[in-house]
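Here's the structure, in structure tokens; my notes come after.
The values are calculated or read from the model by the stated rules, or taken from the named source; none is laboratory data. If you're wondering where the values come from, they're calculated on a predicted model, not measured in any experiment. All Cβ positions, even for glycine, are placed from backbone atoms using ideal geometry, and neighbour counts span all protein chains on display.
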């Protein structure tokens, strides 16, 4: 049986929860070790990065990545879920100019303390907030510190008559876009709820490369699925790459630390070895580590005190 390892960029279609996607993939790929890297609401669509096999070690790291969204936001309505799937709590008149909309959106760029919605999977007192919400219980939520890198209003031509607009949001992990829509509506004094959401980017993974579950099945049957799976090292491709000498390979295989002199010399020509080596690594530098035969072992961090490289994430499976 073929075991898949790495990261796959799935286009999550509407109607599925993120966990539904994982469950369906377990069936399609006939393997258990699969995890996703950040929930998308059932009605939302777009990029859902799924980790397969050894790639599941990256779930935590990928959850930390910045994300990008395109959201359609409806003004003049407040719902209990902060999106249009919820119960309408109130409707208000909308008299918002384009200038006022752009100014309100701009006010949320930067650091922002966001109160998460009741309909969310955040746990409070051992219970998920949405479980309490379904019981009709509302509790006080602590604001969460999020960062909005940019908000771009892509379309405000429907503002006057139909009272909705489309925006692109670049943000940190943990940001609720429906709460951002709600908060923009509160700032404008007319209320708002999210009408539609597309996640367009998670770290290095974009919408243009995302594939549906149906396409996954087709590629599996054609024996071409591996071409769509990124190796775990893909998300670390911005880190320097070093090779360790065969004489120290045992250290690598056991997940042990290694010294600078265990590194295969890859100095540029005509450079003083000692000077080059000293300037090469500073404390807490992260590197991708390979053996002489280019086997990827993992991500290591340099420790200046011990003058050693210590393992951060280990991917080698002998």
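Hey, among the residues in segment 260-318 that are assigned to a helix (DSSP H, G or I) and closer than 30 Å to residue 56 by Cα, which one's modelled with the lowest pLDDT?
Pass one, segment 260-318, residues assigned to a helix (DSSP H, G or I): 260-262, 273-280.
Add one more test, that the residue is closer than 30 Å to residue 56 by Cα, and what stays is 260, 262.
On the way: 260: 87, 262: 91.
Step by step, filter segment 260-318, then rank; the result is 260.
Among the residues of segment 125-149, those identified as surrounded by 13 or more Cβ atoms within 10 Å (Cβ to Cβ) and over 23 Å from residue 85 (Cα atoms) are 144, 146, 147, 148, 149.
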